[in-house]
Amino acid sequence: MKIVVIAGARPNFVKISPLLRAMRRRPDITPVLVHTGQHYDAQLSDQFFTDLGIEAPAYNLEVGSGSHAVQTAEVMKRLEPVLGTEHPDRLMVVGDVNSTIAAALVAVKLGIPVDHVEAGLRSFDRTMPEEINRILTDAIADQLFVSERSGVDNLLREGIPAERIHLVGNVMIDALEACRPRWEQAPVLRRLGLEPTQPYALVTLHRPSNVDDPETLRRIVDALETVSRELTLLWPVHPRTKQALQRNPRVQGRVTQEGNGAIPHGLLALDPLGYLDCLAVMSRARLVLTDSGGIQEETTVLGIPCLTLRSNTERPVTLTHGTNRLIGTNPEAIVSMALQALNESGRSSDRPPLWDGLASERIVEKLDGRRVRNSADPTAVREAASTVS
């Protein structure tokens, strides 16, 4: 069975790495990796491939940046001849980026079954481009692999047949656990000039709703600047956010650039971190402030307090089982919740069910089994859904 695996953006690279390893352990499965080039610079692409041990893709579509319409259209135009050449039995997409929905559309129209990993997640906010990508991909996918039970419930409510839904766990956690020995030893804190016992918080921002509007970005930076008087805030700046900061004269000059030597209190802008360095910094942080979905999951497993600068999340299990709290973007709320988190001794966290590092194996087992039978268990899926409140 030949499976074309699609990856386009930084979160995709993390998710495909354990899936590719699991596939290559099966003599009856041949994965063909296609990189759409949605994230294409060395820090958001090449470094992640190196950190995660991903081999060079068989194809790089080199789509690059652009509007949602342009990016989606370019992936579709460039992927179609690749699928015509490869004639795969299945196509696998992960996550919710433009590459995900674009590749799924091309495959379905060519009659190629689509597998969606991380299916069923819903923020119920259709102003988020990712939400539209999730809904449409799930609607046309053949097999849907779900990371948490809310996803099962969402898919059943949307009319997806139970036999197409598989609750398998979280491939992001597979990658985290597989790389644990390496990120635990990563020397990034020493490189940054941090003392071993120096407290700090980690900041990540990239969502258009937070960084594209100058006033929203200014208010967030105001709050971060206030929090940084209590402890250092390390902020690896996403390329999109960097462009927004450069366009915003009201925040320019208020963020300290990375330098040499010991790091004082303040809001310190860093270049984007590779996967191993990011996990190393996150695992030792007193607190994480983010708008990233994946980081909500990683902090849950690492037991690090996480404040999400959004009013919703498509990953509610990080609220019920994890360390995550939704706080929005009101500056007063950001400051008060950050200071409260710093004064707490810690928030207990239980791993969500099946977040054990074996999700990829379950996915590949089900796909391998489809050569001879349908391995779904509709009764078990319905029972899982009925336990979700």
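The values are calculated or read from the model by the stated rules, or taken from the named source; none is laboratory data. For clarity, every value in this text was computed on a predicted model and none was experimentally measured. Glycine also receives a Cβ, built like all others from the backbone with ideal geometry; neighbour counts cover every protein chain displayed.
Of note:
- Those residues of segment 60-81 which are part of a helix (DSSP H, G or I) and hydroxyl-bearing (Ser, Thr, Tyr), in sequence order: THR72
- Condition met for PRO31 (within 17 Å of the chain's Cα centre (by Cα) and either part of a helix (DSSP H, G or I) or touching a residue at least 12 places away in the same chain (Cβ under 8 Å) (or both)): no
- Segment 104-129, subset acidic (Asp, Glu) and in contact with a Phe, Trp or Tyr (Cβ under 8 Å, 6 or more places away or on another chain), residue surrounded by the fewest Cβ atoms within 10 Å (Cβ to Cβ): ASP115
- Unique match (being more than 20 Å from LEU302 (Cβ to Cβ) and not hydroxyl-bearing (Ser, Thr, Tyr)) among PRO199, PRO161: PRO161
- The listed residue being over 25 Å from VAL237 (Cα atoms) and surrounded by 19 or more Cβ atoms within 10 Å (Cβ to Cβ), out of VAL5, VAL14: VAL5
- Taken over segment 55-77, the criterion of being under 17 Å from ASN133 (Cα atoms), surrounded by 13 or more Cβ atoms within 10 Å (Cβ to Cβ) and out of contact with any helix residue (DSSP H, G or I) (no Cβ under 9 Å at 6 or more places or on another chain) is satisfied by VAL70 alone.
- Any chance VAL281 is among the aliphatic types (A, V, I, L, M), surrounded by fewer than 24 Cβ atoms within 10 Å (Cβ to Cβ) and at pLDDT 95 or above: yes
- Within segment 233-249, tally of residues that are touching a residue at least 12 places away in the same chain (Cβ under 8 Å) and part of a loop (DSSP other than H, G, I, E, B): 3
- Residues of segment 174-232 that are over 15 Å from GLY274 (Cβ atoms), small (Gly, Ala, Ser) and in a helix (DSSP H, G or I): ALA178, SER209, ALA223.
- Count - residues of segment 322-362 that are among the polar types (S, T, N, Q), assigned to a helix (DSSP H, G or I) and surrounded by fewer than 18 Cβ atoms within 10 Å (Cβ to Cβ): 3
- A single entry from THR226, THR204, THR232 fulfils the requirement of being under 20 Å from VAL335 (Cβ atoms), at pLDDT 90 or above and surrounded by fewer than 18 Cβ atoms within 10 Å (Cβ to Cβ): THR226.
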